[in-house]
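Step one of this worksheet: look at the structure below.
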Amino acid sequence: MTTRFAPPSHSLGRRAALKTLAGGAAALALPALAQTGYPSKPLRMVVGFSAGGPTDVVARIIGARLAPLLGQPVVVDNKPGANAVLAADAVAKAPADGHTMLYNTSSFALSAALSPKLPYEPAQLRGVTLTAAAPTVLIVHPAFPAHNVQEFVEALRQAPDRSNYGSAGNGTITHVIPVQLLQANGLRATHIPYKGSAPALVDLAGGQIQFAVDAMSSALPFIRDGRVRALAVTSAQRLPALPDVPTVTERWMPGYEASAWQGLMVHAQTPAPIVARLHQAMAEVLAQDGVRKQLAELGTDTVTSTPEAYDRYVRQEIARWTQVAKDARLQES
């Protein structure tokens with residue numbers, strides 16, 4: 001599915017300071033950008049998940065604001081499949097001119113960690129900026145005999161392999177986080193992969209599975225109307241949307257933190273001035289109060305980074321989840 005965002009006749013022209021990854025990065029200097037001729041045609045933002053899902057929703061919010069700043073339409077192109085591998089492969093094989101972008105998630109790092117035979121090399125893509133981070137939350141069916149993480153652990157220990165947990169699919173962040181939590185605590189449960197968060201949450205609310213770890217952006221509506229119960233969040237601090245729900249680190253595993261992050265990438269050979277142009281435009285988009293408010297309502301934090309910092313972060317995440325995959329024997333042969 002594709003959606004086009006066409007720019008209006010006027011420029012927004014607004015700049016603001018942004019919260020940044022790893023201590024703060026100033027907006028890049030962009031000399032002589034007018035001479036690049038970029039962009040010269042509509043841009044394609046490839047999303048590796050279906051239309052209407054949490055990643056797609058954020059991508060469309062950003063795409064709608066990016067178009068007027070770049071002066072060209074932004075077409076959101078959904079290419080779901082293989083945990084977003086198809087989308088990444090499409091951008092890796094596209095011309096390195098900045099007109100084809102990958103709106104990626106933590107699945108980019110997870111696919112590299114779990115699938116040694118990708119159709120592309122992760123190094124074929126380079127970062128433009130982080131865009132968002134959605135903390136995940138441990139949730140259970142209301143009938144599950146646990147109202148806190150201590151009771152959750154005890155319930156699984158008393159009945160190993162008797163509980164099922166759902167995820168948005170094999171190799172997704174909602175799969176590997178519970179794997180890590182269970183493995184670190186000697187717990188066992190059966191993984192049920194779904195084709196996305198939505199069907200997993202529906203089955204959890206219906207009692208077909210007993211628990212899940214899902215992104216706040218997906219789980220929050222189910223928590224608020226009582227269809228599921230939240231036990232802990234995986235962020236470093238408690239979240240304003242769920243102030244009474246403790247973190248995993250304060251009640252269970254000190255120092256633990258994980259999130260479902262998102263960002264923008266392009267072909268690794270894209271010229272530096274074009275990457276800088278995209279970065280500046282994205283910085284303006286992510287600084288807009290309307291964007292930050294929309295993402296906050298979805299349970300998602302707005303973040304940003306320099307391209308270099310984003311590349312370092314992706315490499316760190318690949319290394320982190322590669323180790324988890326090896327320890328849990330999740331890697332594909």
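The values are calculated or read from the model by the stated rules, or taken from the named source; none is laboratory data. This one's a predicted model, so the numbers in the text were calculated from it and none came from an experiment. Methodologically, a virtual Cβ is constructed for each residue, glycine included, from the backbone with ideal geometry; neighbour enumeration extends over all protein chains shown. Each accessible area value is taken on the protein alone, full model and side chains, heavy atoms only, with ligands, DNA and RNA left out. Shrake-Rupley method; radii C 1.70, N 1.55, O 1.52, S 1.80 Å.
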Search result, residues across segment 234-259 that are open to solvent by less than 30 Å² (accessible area, probe 1.4 Å) and outside any strand (DSSP E or B):
THR234, SER235, VAL245, PRO246, VAL248, TYR256, ALA258
Which of the residues that make up segment 184-215 are in contact (Cβ under 8 Å) with a residue 12 or more places away in the chain, of a type in the set (Val, Ile, Thr) and open to solvent by 30 Å² or more (accessible area, probe 1.4 Å)?
THR190, ILE192
Please go through segment 140-155 and pick out each residue that is of a type in the set (A, V, I, L, M) and part of a helix (DSSP H, G or I).
VAL149, VAL153, ALA155
Answer with yes or no whether ASN104 is touching a residue at least 40 places away in the same chain (Cβ under 8 Å) and open to solvent by 10 Å² or more (accessible area, probe 1.4 Å).
no
Got a sec? Which of ALA113, ALA134 is buried (at least 19 other Cβ atoms within 10 Å of the Cβ), closer than 22 Å to SER217 by Cα, of a type in the set (A, V, I, L, M) and under 19 Å from the mean Cα position of the chain (by Cα)?
ALA134
Within segment 188-215, the residues that are among the aliphatic types (A, V, I, L, M) and out of contact with any strand residue (DSSP E or B) (no Cβ under 6 Å at 6 or more places or on another chain) are ALA198, LEU201, VAL202, ALA205
Looking at segment 289-333, which of the residues that are at negative phi, outside any helix (DSSP H, G or I) and surrounded by fewer than 16 Cβ atoms within 10 Å (Cβ to Cβ) is farthest from the chain's Cα centre (by Cα)?
SER333
Check segment 73-91 and report whether any residue there is modelled with pLDDT of 95 or more, of a type in the set (S, T, N, Q) and touching a Ser or Thr at 6+ places or on another chain (Cβ under 7 Å).
yes
Filter segment 95-124 for residues that are modelled with pLDDT of 95 or more and charged (D, E, K, R) and give the result.
ASP97, GLU121
Within segment 260-270, is there a residue that is under 26 Å from PHE144 (Cβ atoms) and either of a type in the set (Ser, Thr, Tyr) or open to solvent by less than 40 Å² (accessible area, probe 1.4 Å) (or both)?
yes
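Listed here are the residues, each with its yes/no results for (1) touching a helix residue (DSSP H, G or I) at 6+ places or on another chain (Cβ under 8 Å); (2) among the small types (Gly, Ala, Ser); (3) buried (at least 24 other Cβ atoms within 10 Å of the Cβ); (4) farther than 22 Å from ALA132 by Cβ.
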position	(1), (2), (3), (4)
VAL46	yes, no, yes, no
LEU70	yes, no, no, no
ASN78	yes, no, no, no
VAL85	yes, no, no, no
VAL91	no, no, yes, no
Please note which strands (runs of 3 or more DSSP E) are completely contained in segment 158-233 and include at least 3 residues that are out of contact with any His (no Cβ under 7 Å at 6 or more places or on another chain) and of a type in the set (Val, Ile, Thr).
none
Residue under evaluation GLU151, criteria (1) open to solvent by 40 Å² or more (accessible area, probe 1.4 Å); (2) touching a strand residue (DSSP E or B) at 6+ places or on another chain (Cβ under 7 Å), criterion not met:
(2)
Inside segment 184-219, can you point out the residues that are over 23 Å from the mean Cα position of the chain (by Cα) and not hydrophobic (A, V, I, L, M, F, W, C)?
ASN185, GLY186, ARG188, THR190, GLY206, GLY207, GLN208, GLN210
Only one of PRO142, PRO160 that is at pLDDT below 95, within 19 Å of GLN208 (Cα to Cα) and either surrounded by 17 or more Cβ atoms within 10 Å (Cβ to Cβ) or not aromatic (Phe, Trp, Tyr) (or both):
PRO160
